[in-house]
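So the structure is just underneath, and the comments pick up after that.
The values are calculated or read from the model by the stated rules, or taken from the named source; none is laboratory data. Since we're looking at a predicted model, the values are computed, not measured. Cβ placement follows ideal geometry from the backbone for every residue including glycine, while neighbour counts extend to all protein chains displayed.
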Amino acid sequence: MTAHVLNGVINRPARDAMLLRHAIDDISAHKDELRYELLISRLVRFHWDRTGHLERVKTEYYEKYHAELEDDVEDATRGDFREFVLELCQS
């Protein structure tokens, strides 16, 4: 827990990229269940941050996971929900 808090203070975009990846992995692992709450809440929070935080998160995501955030979100979701969260990925 302490390491997570400290990481958030030191490099908030890297921590948030990791949290997004965990939410995407959770959706991918449970395709038959509606497990979208974490992904929605995180994307909404990062999307509405007016300081350009989402762009920094997307950069960290790519550097850490060697994948575009939008591509991973698209692979993990479907239908109208996919369209909604992909819009949230736009800064």
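Mind listing whichever residues of the stretch 28-83 are exposed (fewer than 13 other Cβ atoms within 10 Å of the Cβ), touching a residue at least 12 places away in the same chain (Cβ under 8 Å) and not in a helix (DSSP H, G or I)?
52
Among 35, 21, which is among the basic types (Lys, Arg) and at pLDDT 90 or above?
21
Could you tell me which numbered condition residue 73 fails, if it satisfies all but one of (1) modelled with pLDDT under 95; (2) of a type in the set (Val, Ile, Thr); (3) within 11 Å of the chain's Cα centre (by Cα)?
All conditions are met except number (1).
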